[in-house]
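Engineer: I have a structure I would like to understand better, so I am pasting it below and will then ask my questions one at a time.
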Amino acid sequence: MKKSFDARRLDVRRFAEEGGELSAEDALRDYPRLASEAEGRGDDRPLQWTARGEMRNPRHVQPEVWVHLEAHASLPLICQRCLAPVDIKVDVDRSFRFVGDEATAAAEDDEAEEDVLAESRDFNLKELVEDEVLMGLPVAPRHVICPVLPSFSATDPDFDKAQEGKKNPFEVLKALKPGKNGS
């Protein structure tokens, strides 16, 4: 009989031993940091994710605990080129190996090609989903081709007004040039 698992309090080892699978389609508003990136736009947009547990070398003295994660979302962000809204699609497909404790995870993570995390009996899988989608976002979101070209102009009426009364410095130099004014 397969156990039901809670994504907010996941027993990672048990999830892997049973080859568990969890999936959901949540609204962006359920993920506060992602909702913050979208600045309140698209709170009802879906974030779909699936996680599968796997035990590699189950008969070995130290079997490996793995969780495979896939997530898909489209976040409404602001184009950093034209400052218009842009939908950014994020697709996550990652695998994580779990080890006994934080110290081991830190030591092995530097050397391993895969991400290494510490096992837990109450691991918050939804936080991992949110972390991975956040890391999949571009640093500067932008359209491939902006729908409206940005206009770059700056005027400062105070600056223009201040310049009206000033003499042109080159005209002052011109007056000092020999041969002018009878010199």
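Engineer: Under the √(5λ) rule applied to the eigenvalues of the Cα gyration tensor, what semi-axes describe the equivalent ellipsoid of the range 92-183? Give them in Å, descending.
Structural biologist: After diagonalising the Cα gyration tensor, the semi-axes are 68, 20, 13 Å.
Engineer: Can you sort R56, R45 from fewest to most other Cβ atoms within 10 Å of each residue's own Cβ?
Structural biologist: Ordered from fewest to most neighbouring Cβ atoms within 10 Å, R56, R45 come out as R56, R45.
Engineer: For R41 and T104, calculate 0.36 nm times their separation in residues minus their Cα-Cα distance, and state this gained length in nm to one decimal.
Structural biologist: 18.7 nm
Engineer: Find the Rg to Rh ratio for the range 12-136, where Rh is the Kirkwood radius over alpha-carbon pairs and Rg uses the same atoms.
Structural biologist: Dividing the radius of gyration by the Kirkwood radius yields 1.05.
Engineer: Computed FRET efficiency, Cβ-Cβ of N168 and L83, R0 45 Å: what is it to the nearest 0.05?
Structural biologist: That pair, N168 with L83, gives E of 0.75.
Engineer: Over the chain, how many pairs of lysines fall under 28 Å by alpha carbon, counting only those 8 or more apart in sequence or from different chains?
Structural biologist: Qualifying lysine pairs in the chain: 9.
Engineer: Which of F159, F152, F15, F96 has the fewest other C-beta atoms within 10 Å, and how do the rest follow up to the most?
Structural biologist: Starting with the residue having the fewest Cβ neighbours, the order is F152, F159, F96, F15.
Engineer: Taking every DSSP beta bridge with both residues inside the chain, roughly what % is antiparallel (nearest 5)?
Structural biologist: Counting DSSP beta bridges with both partners in the chain, the antiparallel share is about 90 percent.
Engineer: Turning to a different aspect of this structure: Figure the gain on full extension for E114 and Q48 (residue separation times 0.36 nm, minus the Cα-Cα span) and round it to one decimal in nm.
Structural biologist: Result for the pair: 21.5 nm of gain on full extension.
Engineer: Okay, next question. So how far apart, in nm, are the two label points at H72 and M135 if each is 7 Å from Cα heading toward Cβ?
Structural biologist: Label at H72, label at M135, 2.2 nm between them.
Engineer: Okay, moving on. Can you pull the one-decimal nm distance between simple spin-label points at D122 and F159, each 7 Å off the Cα toward Cβ?
Structural biologist: The answer from the label model is 5.8 nm.
Every number in this text was worked out from the coordinates using simple rules, so none of it is lab data. What you see is a predicted model; the values in this text were computed from it and never measured. In this analysis, Cβ positions are derived from the backbone assuming ideal geometry, glycine residues included, and neighbour counts consider all displayed protein chains.
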